[in-house]
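The values are calculated or read from the model by the stated rules, or taken from the named source; none is laboratory data. What you see is a predicted model; the values in this text were computed from it and never measured. Using ideal geometry, Cβ is built from the backbone for each residue, glycine included, and neighbour counts are taken over all protein chains shown. Surface areas here come from the heavy atoms of the whole protein model, side chains and all, with no ligands, DNA or RNA. Shrake-Rupley method; radii C 1.70, N 1.55, O 1.52, S 1.80 Å.
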Amino acid sequence: MNSLTVTSDRAALDILAIAAHRDDVEQTCGGTLLKMAQRGCLIGILDLTRGEMGTRGSAENRAQEAAEAARILQVSWRGALDIPDGRVENTWENKLKVARVLREQRPRVVILPYWKGRHPDHYIASTLGYEACFLSGLAKLDCSAADPAAVVAGVSPATSRAGRPQDSRQDAGATELSPHRPFKIIYATLYYDVRPTFVVDITEQFEARFESLMAYKTQFSDQEAGKDLFPAQKEIRSRIEAMARFYGILGGVEYAEPFLQKEVGLVDDLMMIPVKSI
Ligand SMILES: [Zn+2]
């Protein structure tokens, strides 16, 4: 088992995106992660599986590719659990593994996959992630025995978080494994035809997000293996562009990524509500 390096001198993450597979986040919310990193947030990605069942490439290839994609998206921390690929199950053991990461990384915002979808790993990851967020906040729950995540991308030192909301993560004396519950959970929805609650303008980040997906060379470069299963690179580009354009049009911008939240939106100033009605 790979050991996890816990760096106590680093600030907690601002945002942690949790997904079933390496390359999921690059397809659903990579532009948003990059945008927030560019605004000074500390961003993390937790992949639940390592991709050993993929038609193309090995888990080792995919770890290198995931690290490269993380670099492009300016992600500070990326880890992968050892949940079997194609068999993401919402078990107690798996919930403890995710809860352990939440306690170590202490994100304010968690991005999960939308709770419906074609691939069982995606929608099960949604419920598993939500329940882990709940468990992670329970004072009497001990998840220190859960297997730590293998870190696939390094940790950068804390950067400025000026202007970000403060919360209990900065409490003096909080240790890495003390209880932690994220403030906000949002859902990335790209794989399912559902109307998003909001979209994030990624016009400036679109090219880099595409590049982060193309970092998965074993998956997306044109090749013989799995030719019937995987679209050609040109086709991927046009699909990604069409989706980002579609969500962009909904928000009145060029390219956007869609999200859902379960809570209602709170408005303070009617004059500042974005997106034109008529
Ligand atoms: Zn996936």
In the set 139, 146, which member is over 18 Å from the mean Cα position of the chain (by Cα), surrounded by 15 or more Cβ atoms within 10 Å (Cβ to Cβ) and away from the ligand (no atom under 16 Å from the Cβ)? 146
For residues that are closer than 15 Å to residue 89 by Cα and open to solvent by less than 10 Å² (accessible area, probe 1.4 Å), tally how many sit in the range 113-136. 6
Cβ pairs under 8 Å, 6+ apart, first in the range 216-230 and in a helix (DSSP H, G or I), second modelled with pLDDT under 75 and open to solvent by 20 Å² or more (accessible area, probe 1.4 Å): 219/230; 220/230
Taking the range 245-270 and keeping residues assigned to a loop (DSSP other than H, G, I, E, B) and in contact with a helix residue (DSSP H, G or I) (Cβ under 8 Å, 6 or more places away or on another chain) leaves 254, 255
Of the residues that make up the range 239-259, is at least one out of contact with any His (no Cβ under 6 Å at 6 or more places or on another chain), within 16 Å of residue 27 (Cα to Cα), at pLDDT below 90 and not basic (Lys, Arg)? no
Here the qualifying pairs (Cβ atoms under 8 Å; residues six or more apart or on different chains; first in the range 123-138 and among the hydroxyl-bearing types (Ser, Thr, Tyr); second open to solvent by less than 10 Å² (accessible area, probe 1.4 Å) and modelled with pLDDT under 95) come out as 136/143
Cβ contacts < 7 Å: first residue more than 19 Å from residue 227 (Cβ to Cβ) and aliphatic (A, V, I, L, M), restricted to the range 51-67; second residue open to solvent by 80 Å² or more (accessible area, probe 1.4 Å) and not in a helix (DSSP H, G or I), any location; separation 6+ or different chain. Result? 59/52
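Filter the range 195-213 for residues that are hydrophobic (A, V, I, L, M, F, W, C) and not in a helix (DSSP H, G or I); which is least open to solvent (accessible area, probe 1.4 Å)? Write out each step before concluding.
Restricting attention to the range 195-213, the residues satisfying the condition of being hydrophobic (A, V, I, L, M, F, W, C) are 198-200, 202, 206, 208, 210, 213.
Narrowing further to those that are not in a helix (DSSP H, G or I): 198-200, 202.
On the way: 198: 66, 199: 44, 200: 28, 202: 0 Å².
Ranking the qualifying residues of the range 195-213, first place goes to 202.
Considering only residues of the range 119-149 that are aliphatic (A, V, I, L, M) and touching a Lys or Arg at 6+ places or on another chain (Cβ under 8 Å), which is modelled with the lowest pLDDT? Spell out the reasoning first.
Initially, the range 119-149 is screened for residues aliphatic (A, V, I, L, M), giving 124-125, 128, 132, 135, 138-139, 141, 145-146, 149.
Add one more test, that the residue is touching a Lys or Arg at 6+ places or on another chain (Cβ under 8 Å), and what stays is 128, 132, 135, 146, 149.
Details: 128: 98, 132: 98, 135: 97, 146: 89, 149: 85.
Ranking the qualifying residues of the range 119-149, first place goes to 149.
Yes/no matrix, rows are residues, columns are (1) out of contact with any Asp or Glu (no Cβ under 8 Å at 6 or more places or on another chain); (2) more than 30 Å from residue 136 (Cβ to Cβ); (3) of a type in the set (Gly, Ala, Ser):
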{"site": "181", "(1), (2), (3)": "yes, no, no"}
{"site": "185", "(1), (2), (3)": "yes, no, no"}
{"site": "194", "(1), (2), (3)": "yes, no, no"}
{"site": "221", "(1), (2), (3)": "yes, yes, yes"}
{"site": "225", "(1), (2), (3)": "yes, yes, yes"}
{"site": "232", "(1), (2), (3)": "no, yes, yes"}
{"site": "238", "(1), (2), (3)": "yes, yes, yes"}
{"site": "243", "(1), (2), (3)": "yes, yes, no"}
{"site": "275", "(1), (2), (3)": "yes, yes, no"}
